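Have a look at the structure below, then the notes.
The values are calculated or read from the model by the stated rules, or taken from the named source; none is laboratory data. Remember, predicted model here, so these are calculated numbers, not experimental data. As a convention, Cβ positions derive from the backbone with ideal geometry for all residues, glycine included, and neighbour counts pool all protein chains shown.
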Amino acid sequence: MNEIDFHGKNALVVGGSSGIGNGIARVFRDHGATVFVSGTRASAADYNKDDDGADFTGMTYFQWDVSDDKVVENLKPPFSTLDTLVLSQGIVMYKRAEFEMPNFRKVVDVNLMSVMSCLMKFHEMLKASKGTVVIVGSGASFHAVFGNPAYSASKGALVTLTKSLGEAWATDGIRVNGIAPGLVATKITKVTWDHPRRYEDSLDDIPLHRWGTPEEMGGVSLFLASPLSSYITGQMLVVDGGMYLS
């Protein structure tokens, strides 16, 4: 038996329309899963592939604004069973915008509150399938981020949410884990990788001396959703090329 063969399995990647989420969706697709992707735009055609490498080939896309609890509750999903739920939604605001309360609240609503809302939405499906959850945190889940208190706080909260649900849902047969990516070239990190000096400085902090790729985040997510990790739950795995080892 190939334990990373996902043929016959349904996977939903929330926030899978770009960046790390889309990389995760592509990896699940390439390992046989039937992949569903949600995003905020009306259709997959509304995303510019060149902008962030988005690829929806062989996937089913649907619009879903998970920042609105009512929209989450009222969704009629395009599937009746679910084996893996990946929660990759997230926003960040730069130029000290997160120090303003409306912006702080918006970041927390998307990065934390919507994660719990989506988890509750699909709890029964995951219980029925003895399924798996992968929550996408960040290196910021464990470290301060200068200028981004809401991003850091919300991503940090995902660590204890993962632990709490890993424990609470174990009796339902659901494993809940997460990944904490380091520096990965996406729209959300463009402020660093598109700036030559900042990019070169960042490499000095990474023992592997390179940034990660969305597909590498997908590989770890695939592992956490597969039988290869059947005795792991409640863990947030750091995937950062060794950036925070010292």
Checked against (1) of a type in the set (S, T, N, Q); (2) under 26 Å from residue 37 (Cα atoms); (3) touching a residue at least 40 places away in the same chain (Cβ under 8 Å), residue 189 satisfies every condition except (3)
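Matching residues to (1) of a type in the set (Asp, Glu); (2) assigned to a loop (DSSP other than H, G, I, E, B); (3) under 21 Å from residue 19 (Cα atoms); (4) at pLDDT 90 or above:
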position	(1), (2), (3), (4)
198	no, no, yes, no
201	yes, no, no, no
206	no, yes, yes, yes
215	yes, no, yes, yes
219	no, no, yes, yes
222	no, no, yes, yes
228	no, no, no, yes
241	no, yes, yes, yes
246	no, yes, no, no
If we only count helices (runs of 4 or more DSSP H) wholly inside the stretch 1-91, which ones have 3 or more residues that are small (Gly, Ala, Ser)? 19-30
Residues within the stretch 123-173 that are in a loop (DSSP other than H, G, I, E, B) and either buried (at least 24 other Cβ atoms within 10 Å of the Cβ) or among the basic types (Lys, Arg) (or both), tallied: 4
Select from the stretch 16-64 the residues that are at pLDDT below 95, of a type in the set (Asp, Glu) and either surrounded by 14 or more Cβ atoms within 10 Å (Cβ to Cβ) or closer than 23 Å to residue 124 by Cα (or both) and list them in ascending order. 52, 55
For the stretch 189-234 the number of residues that are within 20 Å of residue 161 (Cβ to Cβ) and either surrounded by fewer than 18 Cβ atoms within 10 Å (Cβ to Cβ) or over 14 Å from the mean Cα position of the chain (by Cα) (or both) is 4
Taking the options 138, 164, name whichever one is under 20 Å from residue 17 (Cβ atoms) and polar (S, T, N, Q). 138
Restricting the search to the stretch 174-195, which residues are part of a strand (DSSP E or B) and more than 30 Å from residue 209 (Cβ to Cβ)? 175, 176
